[in-house]
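I have placed the structure first, in the form of C-alpha cells, so that the comments after it can refer back to it.
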Amino acid sequence: MKVTEVLKHQRALQWIADHNDGTRASGTPGYDASAAYVAHKLRKAGYLVTTQEFDFNIFEDLGGSVLAQTAPGSVTYTEGTDFGATDHSEPGDVTAAVTPVDIALGAGNTSTSGCEAADFAGFPAGNIALIQRGSCTFEIKGENAAAAGASAIVFFNQGNDPADPSRMDIPAVTLGNGYTGGIPALNATYDLGATLSGIAGLQLHVLANVTRVPGTTTNVLAESRAGDPTNVVMSGAHLDSVPEGPGINDNGSGSSALLEVAEQMAKAANRGKLDNQLRFAWWGAEEANLVGSNAYVAGLTDEELASIEMYLNFDMVASPNYGLFIYDGDGSGFGLVGPEGSDDIEALFQEYFDLRGEPTEPSAFDGRSDYQAFINNGVPAGGLFTGAEVEKTAEQAAKWGGTAGEPFDPCYHQACDTIDNLSIKALQMNADAMAYVIFLYASGWEAINQ
C-alpha cells in the first residue's frame, strides 16, 4: 500500500470539510459530499455500490449551557471545566430541587446509579436527578429518570479510578440516538458531582443549550462482482465526523485507508481471482451512537447475516501520538471475548505486526465503534485502533515513541482534527495491515474457525 495514495483521500475529505463549514458530520452537506466521493471512487473501481438511507437524530451542542447552584448558596459552575452538555440531551431550561440517585462514592466503587427503576423509588416528580456514571448505559439511566418524573438530569463521572482522567473529568458519553426521555441533561466531573451529592436542600439551574432534530443520512456499501456470496469478508469504517471538526483522523483515517484497500483489490475481487466476496462499508452516524451500522445489521435477513464470515473494523488508524492496538478477540487482555473466530482475526493481525517487528497491545470490545452490532449478532470481528482521548503511559511511549501523559489523539472530537493531525507512520503500517488481513481472508489462504 502506498500511503501517498491514502493521503490523497485524506486531503479530499479535508477539502470537503473546508468547503462545508469545517465538518463532515452526518446530516450535513459535508457528510453528503464525503459519501458521494467514496461512492464515486468505488463505482469507478468496478464495485457494485449502494447507499442505504436511514433516520437518526441530528444533535448539536451550541455552547453556552448553564449549571448553577441557586440554593442553599449561589454558585455558577464553568462550562468545559466543571460540566458540559450531554450528547443527545434534549434542549431545556430547568430550576428545581435536586435528588441524588443511588450514589456510591470513593475509589473502587461499583456504581449502578440509575440503572434500575427501583433506584427512583420515592423520587419527587419535578426534581432534578443527580446520577453517577457506572454499570449501565446513560440511555438506560436517562430513560429511568424521565419515567420517574425527573425534570432534568446532572450526570457525574464515576470516580472509581482517581488515576484515570476518563473516570474523573467531564465524561465523554452519550444518551444515545434513540433516547426518548425528552428532558435536558448535563455531564459533570466526579469531584463536582460528589460535592453536590452532599449538599442538603440543593437546588440547581440546568440549561442545556443544544439542538436535537430528526434527520436522514446514508451508509455507503460496496460489493465485489465475484467471490462466494455465502462467505463474505466484510470491512467497515465510519465516514462521519463530529460536528465540531473535519474528522480527518476520526475517522477519515480508517475511511481513507479502507477506500485505498478496496481500490487496490478491485481487479482481483471483480474478476473472480479471490475465493470469497468482498463487502466494504462506510458508516453514517457512528458519532450519533453507531446508528448506521446498527441500521444495516437490523435490516439483514437471517440468511444474509449468516453469509458474513467476519467483520473487520477500522476506526482511527493514524492518531498522532499513536499506539498500535488490535481488538481483543480472544479476551486475553480484557476478558470481553468476541464471537467464535474473533481470536483467529486478532492472531492474523498480530502476525502482520510481528513480521514487521512492531509491538502491539489489545483493545477491548468496549462498544465504542461499529463492530458492536456485528458481535451482538454472533459475527466474528476484529480490527485496528491507534487511540483516542486516553493518555499514553510512560511504558507505551517507550514502546512506540511519542509523548507520555498526552492523549493518543490530542485533537479527538475537536476542530483541530485536520490533515495535520495524523501520524503518517501509523497510517502506513495500519493500511498495510488492513490489506494483508483482508487479502488473506478474501483469497481463502486464511480462514477462521478451522
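The values are calculated or read from the model by the stated rules, or taken from the named source; none is laboratory data. This one's a predicted model, so the numbers in the text were calculated from it and none came from an experiment. We place every Cβ from the backbone using ideal geometry, glycine too, and count neighbours over all the protein chains shown. Please note that ligands, DNA and RNA were not included when accessible areas were found on the heavy atoms of the full protein model with its side chains. Shrake-Rupley method; radii C 1.70, N 1.55, O 1.52, S 1.80 Å.
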Going residue by residue through the range 56-63, the Karplus relation 6.51 cos²θ - 1.76 cosθ + 1.60 with θ = phi - 60° gives ³J(HN,Hα) values, rounded to whole Hz and with x marking Gly or Pro, of 7, 9, 8, 10, 9, 8, 7, x
Descending semi-axes in whole angstrom, ellipsoid equivalent of the range 154-204, from the Cα gyration tensor: 20, 18, 6
Under 26 Å from the Cα of Lys8 - lysines, other chains or at least 8 residues apart: Lys41, Lys44, Lys267, Lys425
Accessible surface of the chain [probe 1.4 Å, protein heavy atoms]: carbon and sulfur percent: 50 percent
Gyration tensor (alpha-carbon) shape descriptor, the chain, a/c threshold 1.5: prolate
Which value, in nm² and rounded to one decimal, describes the direction-averaged projected area of the C-alpha convex hull of the range 37-192? 12.2 nm²
Over the range 193-277, one equal point on each Cα, no solvent: what is log10 I(q)/I(0) by the Debye formula at q = 0.24 Å⁻¹? -1.16
Would you kindly calculate the mean projected area, averaged across all directions, of the convex hull enclosing the Cα atoms of the range 394-450, in square nanometres? 6.3 nm²
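I'd like to know how the range 110-178 sits against the 2.2 N^0.38 Å rule of thumb: what's its Cα Rg over that expected value?
In units of the globular-protein estimate, the range 110-178 measures up at 1.10.
Please report, to one decimal in angstroms, the Kirkwood hydrodynamic radius of the range 285-418 built from all distinct Cα-Cα pairs.
Result for the range 285-418 stands at 15.7 Å.
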Of Ala295, Ala163, Ala208, the one that fluctuates the most in a GNM where the chain has Cα springs shorter than 10 Å: Ala163
Determine, from the Cβ-Cβ distance of Asp161 and Arg356 and an R0 of 25 Å, the FRET efficiency 1/(1 + (r/R0)^6), rounded to the nearest 0.05. 0.15
Label model pair Glu303, Ala364: point-to-point distance (7 angstrom along the Cα→beta-carbon line) in nm is 4.0 nm
Reciprocal of mean inverse Cα separation for the range 195-238 (Kirkwood radius, Å): 17.2 Å
Quick one: accessible area per residue over the range 1-64, 1.4 Å probe, rounded to a whole number of Å²? 51 Å²
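Run the numbers on the chain and let me know its relative contact order in percent, using alpha-carbon pairs under 8 Å that are six or more apart.
18 percent
Just the number, please: percent antiparallel of the DSSP beta bridges in the chain, rounded to the nearest 5.
On the way: 37 of 72 bridges.
Antiparallel bridges: around 50 percent, rounded to the nearest 5.
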Rg followed by Dmax, in Å, when the range 25-115 is reduced to its Cα trace: 21.9, 68
The range 1-157: relative contact order as a whole-number percent, Cα under 8 Å and 6+ apart: 13 percent
Tell me the angle of helix 29-45 to the major Cα principal axis of the chain, expressed in degrees between 0 and 90 and rounded to the nearest ten. 20 degrees
Amide H of Leu324: which non-local residues (sequence gap of 5 or more, or other chain) have their own amide H closer than 5 Å, using H built in the peptide plane? Glu361
Karplus-derived 3J(HN,Hα), 6.51/-1.76/1.60, for each residue of the range 408-421, Hz, glycine and proline x: 4, 10, x, 9, 3, 6, 10, 5, 7, 7, 10, 4, 8, 9
